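Reading through the structure tokens given below for one structure.
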Amino acid sequence: MLFNSFEFVLLVLVTFGLYYLPQFRPAQTFVLIAASLFFYAFNQPALVLLLLASIAINAVASFKILHASHAIGKKSWATAGVVSNLALLGFYKYTPLLAGLAGVDRENAGPVGQFLLTIPLPIGISFFTFQGISLLIDVFRQTDASPQRILRRSVWRHFVDTAFFEAFFPQLVAGPIVKAHEFFPQIRPKAFSEIKWESVFRALVTGYCLKMVVADNLKDLTYWIAYPYFLQASTLTLVSMLVGYSMQIFADFAGYSLIAIGLARLFGYELIENFNFPYIAQSLSEFWRRWHISLSSWLREYLYYPLGGNRRGEFRTYVNLIVVMTLGGLWHGAAWSYAAWGLFHGAGLAVERWWQRGRNSAAASFSPLRVLFVFSYVTFGWLLFKLPNFEHVIAFVRACFDNTGLRSDTRLIAFILLYSLPVVAYHALAVRRARAGWKVPVGWQQLAYAVGLVALLINSGSPGAFIYFQF
Amino acid sequence: MITRTLLIALALFLAYNLILSLAPLPGWFVTQSQWQENIAKAQDYLLAERPHRCVLVGTSLAARLSERHLGPDFRNVSFSGGSPITGLELVRRSPGDTQVVVIETNLFFRDVDDAVLSNAFRPALSGLRSYLPALQEKYQPANFIAGKLGEKLLATGFTAASNWTHRRDRAAGPAVNPALCGQLLSGHRKTHARAPDPALLKRQAARLQHEVRQLEALGISCVFVEMPVDRSLMAMPLDCATRACLMDCFPPAQYRWIQPREDHDYRTTDGLHLTGDEARAFAAELRQAVLPPARPNQRS
């Protein structure tokens, strides 16, 4: 169910209406759970069972962790829960990749091989399993006196809260990845009068504009970064398309995150900001503090720090960075190109850290050159996302060097520039705001949002699934 | 803030519609992608008066034939990346004064493009488009801004200005790059070396038969045209299987078939799509072959 589909709008309206009815106030959580399960089941009804299984595993394991009388018991339940989550993720997401590695071929495979190669990828599995793992580890780490106490004493109530936490539809299929200690304390009845309408409006309009006007239009233009179409494009056209893809993936994902944040606010819940103007980053480490913040903070908290972080010497820090980023790449998809993308970023972070040894790491002033370098590095990395086949990546790079004499597609380049402008302006405003404390005058804000609404109505691109739905 | 924003949005929307109604500026709006071009083409077909006696339906191969060269009696509703069946559905649901439909056969087995049809025939919206032109795909503001931007600003830095002015009819076609053409042709030879799944051919042929019967019930006759491609592809399994399947369903004894000339090596840009000159010439041939004499009182 796409966020810009008629069915989804209807679902939100019906859920919203029921949610704030006085009669439903004691059952608000149930209303949202029902809506979330319906949302998930809409395209893949059978896989709702998988979501329910994940909820059951995490609810039971987290409850057992809290009530285990010994540390060994706590650790056992935590380990079993985490392993179960990873097993689910591994089975549904990585079995085809592993089967292919083991030499199972689609054409020659027997029934078992065919089954292994064609296991369906449940939408959102990467997100809700990570949330489940977050719950288990947060509960394992907390103490009774902790202000982050997140579980209720009643088994049934805890199960309901866990179901809500994992399945909450705004963030179910593409994040932001919510951490248990951030979300559980918010679970309580909400009142209609508490809705921050202006904040909801801004998030939804910005989110839908980024998705439907910017990303969906750029999608049709960057389509030609596909083999063999890019072979006949000029160097400038190829570079423009790659930059356009960089804008597209930001607009698509940041747009989705803003829509999720706006929708959650409609029901009284705050989700973590997932993007903080990442393309103004002046270093790769800064980029990863601004891009997909929920994933990078999850990886930092639950993987990087347990591996030792930067506390076990320089060499081990570089290794940790590379391992975490490579695994983070694989999280995106069961293909070696995603691992390569992760490795690309991990290596970049390691080299950057090595380079900054003994240097003052805080940027003295804003440097457009540094911003450009980081943007170029990140944009090149997106090629591995767009072209999963390494041979095609090499062919694309070769075409960039070989096709300097070909005629450029000025129409394509003009449209890419036009649709990239909102992303550039979005980031430029952030820079200005950060440096001068300047705010856009209210009148101009209203005009901008009005233009956005009109653009939504008359300048949207062809509907397409969010890129991150495939993860 | 929200109320004021909504009011400003409404004012902007109405103002844009007024501008388009008063000064539509034909030629100043250029579509930005193949998908949008297809949507705009379908919407244009429905919104415009349809006095055309002949409609050509097909894929990007037939889309290469410009209406300018086909003549005023021809309307080309071929969808790049699409299927001739999409065009047939469009004509069937809104035939106008059509007497003949010319069907490209090369890639008939492609699936119908439901997204184009559902956009074109969307309830309420399709009716509103004639009153609120801003809702038409071709009038997206970006099509004007980037259109003018590309023509005025970027073309000063590139030598592609002539490519831009010919953009509205693709008969000009891109320049042929022999090395690239060879590379692409080699790729097409691999694709055409395998015949389509017989079940797919059978299913799509049945669909095509259904569409043709429905058009014939409306008094519209159907002519089949095999678009010329590189000679080396014409004898490949895909082309042979496609041709055989359709000739079996629509025998030449009962249906008019127009096929590429055997005495001519058609030049293409990539093995499949005709060059500008070839497209111009073939469009003229098609017009000569298809156009029936005009019936008296043909406009209703």
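Overview of results
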| quantity | calculated |
| --- | --- |
| Residues located in region B:203-250, provided they are out of contact with any strand residue (DSSP E or B) (no Cβ under 9 Å at 6 or more places or on another chain) and in a loop (DSSP other than H, G, I, E, B) | B:LEU218, B:GLY219, B:ALA235, B:MET236 |
| Pick from region A:285-323, criterion crowded, with 21+ Cβ neighbours inside 10 Å and over 21 Å from A:GLY175 (Cβ atoms), ranking: nearest to the chain's Cα centre (by Cα) | A:LEU321 |
| Among the candidates A:ARG398, A:ARG359, A:ARG433, A:ARG407, residue that is within 14 Å of chain B (Cβ to nearest Cβ) and free of Cβ contacts under 8 Å to residues at least 60 places away in the same chain | A:ARG398 |
| Selection count, region A:10-44, where residues are part of a helix (DSSP H, G or I) and more than 23 Å from the chain's Cα centre (by Cα) | 19 |
| Residue identified as assigned to a loop (DSSP other than H, G, I, E, B), at pLDDT below 95 and of a type in the set (Phe, Trp, Tyr) among B:PHE144, B:PHE109 | B:PHE109 |
| Filter result (β-branched (Val, Ile, Thr) and either touching a strand residue (DSSP E or B) at 6+ places or on another chain (Cβ under 6 Å) or at pLDDT below 85 (or both)) within region A:60-105 | A:THR95, A:VAL104 |
| Whichever residue in region A:349-399 is more than 17 Å from A:GLY244 (Cα to Cα) and among the hydroxyl-bearing types (Ser, Thr, Tyr) and, among such residues, is modelled with the highest pLDDT | A:SER367 |
| Residue count, region B:13-36 (criterion: closer than 23 Å to A:ASP216 by Cβ and surrounded by fewer than 20 Cβ atoms within 10 Å (Cβ to Cβ)) | 5 |
| Residue within region A:228-235 that is outside any loop (DSSP other than H, G, I, E, B), on the phi < 0 side of the Ramachandran plot and in contact with a Pro (Cβ under 9 Å, 6 or more places away or on another chain) present | yes |
| Residue list for region A:384-412, restricted to those being among the basic types (Lys, Arg) and either within 12 Å of A:ALA226 (Cα to Cα) or touching a Ser or Thr at 6+ places or on another chain (Cβ under 7 Å) (or both) | A:LYS386, A:ARG407 |
| From the options A:LEU456, A:LEU418, residue that is within 14 Å of another protein chain (Cβ to nearest Cβ), surrounded by fewer than 20 Cβ atoms within 10 Å (Cβ to Cβ) and at pLDDT 90 or above | A:LEU456 |
| Leading residue by the ranking (surrounded by the most Cβ atoms within 10 Å (Cβ to Cβ)) among those in region B:218-243 that are among the small types (Gly, Ala, Ser) and under 20 Å from B:ASP263 (Cβ atoms) | B:SER232 |
| Matching option when the condition is surrounded by 23 or more Cβ atoms within 10 Å (Cβ to Cβ) and more than 12 Å from chain A (Cβ to nearest Cβ), among B:PRO84, B:PRO72, B:PRO95 | B:PRO84 |
| Criterion (of a type outside the set (Ser, Thr, Tyr), within 18 Å of A:THR379 (Cα to Cα) and either surrounded by 21 or more Cβ atoms within 10 Å (Cβ to Cβ) or in contact (Cβ under 8 Å) with a residue 40 or more places away in the chain (or both)) met by exactly one of A:LYS179, A:LYS219 | A:LYS219 |
| Boolean, B:LEU10 is within 12 Å of chain A (Cβ to nearest Cβ) and surrounded by fewer than 15 Cβ atoms within 10 Å (Cβ to Cβ) | yes |
| Only one of B:ARG93, B:ARG122 that is of a type outside the set (A, V, I, L, M) and modelled with pLDDT of 90 or more | B:ARG93 |
| Selection from region A:38-49 of residues that are closer than 18 Å to A:PHE3 by Cα and buried (at least 18 other Cβ atoms within 10 Å of the Cβ) | A:PHE39, A:TYR40 |
| Every pair of residues 6+ apart whose Cβ atoms lie under 7 Å, when the first sits in region B:201-213 and is in contact (Cβ under 8 Å) with a residue 24 or more places away in the chain while the second is surrounded by 21 or more Cβ atoms within 10 Å (Cβ to Cβ) and not in a helix (DSSP H, G or I) | B:LEU201/B:PHE109; B:GLN204/B:PHE108; B:GLN204/B:PHE109; B:LEU208/B:PHE108 |
| Test for A:LEU349: is it away from chain B (no Cβ under 14 Å), over 23 Å from A:ALA226 (Cβ atoms), free of Cβ contacts under 8 Å to residues at least 24 places away in the same chain and not polar (S, T, N, Q) | no |
| Answer residue from region A:431-450, given it is of a type in the set (A, V, I, L, M) and within 22 Å of B:THR5 (Cα to Cα) and is surrounded by the fewest Cβ atoms within 10 Å (Cβ to Cβ) among those | A:VAL442 |
| Long-range neighbours under 7 Å by Cβ, at least six apart or interchain, first residue away from chain A (no Cβ under 12 Å) within region B:29-51, second surrounded by fewer than 20 Cβ atoms within 10 Å (Cβ to Cβ) and of a type in the set (Gly, Ala, Ser) | B:LEU46/B:SER94; B:LEU46/B:SER126; B:LEU47/B:SER130; B:ARG50/B:GLY96 |
| The listed residue being acidic (Asp, Glu) and more than 30 Å from A:ALA233 (Cβ to Cβ), out of B:ASP239, B:ASP263 | B:ASP263 |
| Given (1) under 21 Å from A:PRO463 (Cβ atoms); (2) small (Gly, Ala, Ser); (3) modelled with pLDDT under 90, index of the condition A:ALA41 fails | (3) |
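The values are calculated or read from the model by the stated rules, or taken from the named source; none is laboratory data. Computed from a predicted model, the values in this text were never measured in an experiment. Note that we place each Cβ from the backbone using ideal geometry, even for glycine, and neighbour counts take in every protein chain shown.
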